[in-house]
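What follows is a set of notes on a single structure, which appears directly below.
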Amino acid sequence: MSDMQHIVLRQYCTGAPKPSDFTLETLPLPEPKDGQFRVRHVWCSVDPGTRSRLSGGDSYAAALPLGKPVDGFSVGVIDASNHADWPVGTKVFCAGGWKTHSLQSGKGFVGRVMDVPGVPLSAWIGVLGVPGLTAWFGTKDVAHFKAGDAVLVTSAAGPVGATAGQLAKAWGASKVVGIAGSDAKCDWLIKEAGFDAAINYKTAADLTAAIAAEFPKGVDVLFDNVGNAMVNRVLPLMALNGRICISGQVADYNLTPEQTPGIVNTKPFITHRVNMQGLVVFDFARAFPEALGTMAKMIADGSLKTQEERFDGIAVMPEAFCGLFRGENAGRRVVRVGAD
């Protein structure tokens, strides 16, 4: 194959992203220079957090310029190399973007896929990628989880939330409750992922009352993937010395700063000594190998359940991405862009 394809940002997203905001381009296959290697991607991911870079304003990462390839995570095989430590044939995960191929130097977010029987290659950009790592370090290091905690997870059927809840159970949580957007998602959380309870926020007559009923002694840990309105709702329900991990803000990504809800229920920060902290998972990069190794074994032995929605062909990536903001996904969305 002498060409590669990638998807670029055609126009800045206003509100919910649309497939027409993106363009598929074909260009010559790049050759690695000294100290580089080329990865032929097999799977690429679509990530809700990418949305924060697509409106022309900076967030925790700089805004993506128009005409530039969209960021994302990829897993594949090295098919050309001028780097002695990264030979042809090595399976790697990387920040390869919405592309069929990428050039890497071995620096930044790139690593070797561990050979763990029973773990699919695509898992290395799912639970064994940024989503799982976010769940691991958000629960353990940001929320300072301890055995016996009662834990509430929002957007709980997504790959981050589902992993966070399962890790909390494995580490000795007294109770884990998830909030999700359909009965099917809630059923999966309880029957497959082992959550103690799940609340469908779309059908709950009074969501605040439903949460309070599940946590009569208060919420020790809120692992939030939704945004300010949810945090504001749960703050009065936090237990003494409760901790909130701000993992994502999927309900707020499509809003302008002026449209974004505020957090006004701040009294519990004083009365209940509540602590709230966010994370950028790459702050914990030194500890990635231990977390990945442990979670890979958990997937292999069935103690960590995963869900994937698989799509075929790089051309469908914009639509797969846009569907995230319509609540269509159940689990990690990955797109096959090349052969194994």
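Below are the figures for this structure:
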| quantity | calculated |
| --- | --- |
| Greater than 31 Å apart at Cα, pairs in LYS146/LYS191; LYS18/LYS107; LYS99/LYS297 | LYS18/LYS107 |
| Alpha-carbon centroid distance for the pair the range 23-45 / the range 222-243, whole angstrom | 42 |
| For the range 1-91: accessible area per residue (Å², 1.4 Å) | 47 |
| Carbon plus sulfur fraction of accessible area for the range 104-178, probe 1.4 Å, in percent | 55 |
| With every protein chain in place, the range 191-294: carbon and sulfur % of accessible area (1.4 Å) | 53 |
| Exposure ranking of PHE195, PHE145 by accessible area [1.4 Å probe, largest first] | PHE145, PHE195 |
| Relative contact order of the chain, defined on C-alpha pairs under 8 angstrom at six or more residues apart (%) | 19 |
| Centre separation in Å (Cα based) which lies between the range 114-140 and the range 269-296 | 15 |
| Phi-based couplings in Hz for the range 231-238 (Karplus 6.51, -1.76, 1.60; Gly and Pro marked x) | 4, 4, 5, 8, 3, x, 9, 6 |
| Helical contribution to [θ] at 222 nm, DSSP H n ≥ 4, -39,500 (n - 2.57), averaged over the chain, rounded to 500 | -5500 deg cm²/dmol |
| Where only alpha carbons of the range 119-232 are counted, the Rg and the Dmax (Å) | 13.3, 42 |
| Equivalent ellipsoid, the range 36-192 (semi-axes from 5 times Cα gyration tensor eigenvalues, Å) | 32, 20, 14 |
| Linear extension gain, GLU25 paired with LEU66, 0.36 nm per residue minus alpha-carbon span | 13.4 nm |
| ALA239 long-range amide H proximity, modeled H, under 5 Å | VAL219, ASP220 |
| Hydrodynamic radius by Kirkwood, which averages 1/r over all alpha carbon pairs of the range 240-340, in angstrom | 17.7 |
| Largest-first ordering by accessible area, 1.4 Å probe, given options ARG273, ARG336, ARG51 | ARG273, ARG336, ARG51 |
| DSSP loop GluC sites (Glu not before Pro) with at most 16 other Cβ within 10 Å excluded, longest remaining stretch of the chain | 1-191 |
| In the range 126-215, trypsin sites (Lys or Arg not before Pro) in a DSSP loop with at most 14 other beta-carbon atoms within 10 Å | LYS146, LYS202 |
| For the range 201-340, accessible area per residue (1.4 Å probe, heavy atoms of protein chains only), Å² | 50 |
| The range 10-83 - Debye-derived log10 I(q)/I(0), Cα point model, q = 0.14, 0.22, 0.24, 0.28 Å⁻¹ | -0.59, -1.07, -1.13, -1.27 |
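The values are calculated or read from the model by the stated rules, or taken from the named source; none is laboratory data. It should be emphasised that the depicted structure is a prediction, and the values quoted were computed from it without experimental measurement. Cβ sites come from the backbone with ideal geometry, for glycine too, and all protein chains shown count toward neighbours. For accessibility, only protein heavy atoms count, side chains too; no ligands or nucleic acids. Shrake-Rupley method; radii C 1.70, N 1.55, O 1.52, S 1.80 Å.
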